[in-house]
Amino acid sequence: MKLFRMLGRSFRDAFKSVFRNFSLSLASISCITITLIIVAIAIIASFNVKNFTKELEKDMTIVVFLDTKATEQDIESVKDQIEAIKNVEKYDFKSKADVKKEMIKESDVFKTVMDGWDEESSPLKDTFQVKVKDILKIGATARKIEKMDKVSVVRYGENMVDKMVVAFASIEKVAYGVVIALILVTVFLIVNTIKLTIFSRKREISIMRLVGASNFTIKTPFIIEGMVLGAIGAIVPILITTFGYLAFYNHFEGYLFSPVIILIKPEPFIYSASLAILIIGIIVGMIGSAHAVRRYLKV
């Protein structure tokens, strides 16, 4: 019960301090809000990049064309080698006959041309369609398959895919870097704000020490104050994330520039992102305050 009473007083003192030092609190909240808005944008970008990559992984297929003279034994050998590659999720085999049937169904022109082809005269090739687990390694996987005996050609739209994969990976890294950098900046801002607050309350702290207040009692209100500042600073970024992303998604009708680049659906994403922003704001506020107390109060 004593602990709960102490925490209750700490929360009360923290809220009083926020309003008592309103100009400092407002400056800190404004800085937190601005940085968390950019953090929110970076989070949205990184999550969407991951979504783009997942969608690419669903549709991306390595098409493996075998030599026209490949025997049943050769096909089994290639199949075993493909299965042994760790990045291969699954594969489908299509024989020349299967490819011929599919092409005939697609067009009467193909039917007219291909009706005269038998097994020996057909220029078509047996193929494997390979799905990979990690699209970032699709190029390396394709090169491994290409080196296999009796494999004639390997295609996966390499020029476009490689560029998109590199671009998405770069954007994701930049987004993570921005989030980390901004969190560090926010901690620095809160440390300095709390330091000024502590300086203005030195006399109060001295009195608390004289009456025998413990270190925990002195430090807790400042840490809670940082938590409150972080939570208040997260309100505007959360609103921007929730309503801004919803408007953005609806404006572009669910995809960016091309139907290939599909945006992540707003629900439940906006709620998860908002919760992440709130947690980041609270934790950063508490870390900043704790650092300021430890460094400048020397309690």
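Candidates are the residues of region 43-77 that are small (Gly, Ala, Ser) and at pLDDT below 80; the one that is nearest to Glu146 (Cα to Cα) is Ala70.
Conditions tested, residue by residue: (1) surrounded by 13 or more Cβ atoms within 10 Å (Cβ to Cβ); (2) under 17 Å from Lys131 (Cβ atoms); (3) not basic (Lys, Arg).
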| site | (1), (2), (3) |
| --- | --- |
| Val64 | yes, yes, yes |
| Lys69 | no, no, no |
| Gln81 | yes, yes, yes |
| Glu89 | no, yes, yes |
| Lys94 | yes, yes, no |
| Glu102 | no, no, yes |
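Among residues of region 134-154 being at pLDDT 80 or above, charged (D, E, K, R) and not in a helix (DSSP H, G or I), the one that is most open to solvent (accessible area, probe 1.4 Å) is Lys147. Looking across region 31-48, the residues that are within 17 Å of Ile270 (Cβ to Cβ) and open to solvent by less than 50 Å² (accessible area, probe 1.4 Å) come down to Leu36, Ile37, Val39, Ala40, Ala42, Ile43, Ile44, Ala45, Ser46, Asn48.
The values are calculated or read from the model by the stated rules, or taken from the named source; none is laboratory data. Not measured: the values here are computed from a predicted model. We place every Cβ from the backbone using ideal geometry, glycine too, and count neighbours over all the protein chains shown. Accessible surface areas use protein heavy atoms only, side chains included; no ligands, DNA or RNA. Shrake-Rupley method; radii C 1.70, N 1.55, O 1.52, S 1.80 Å.
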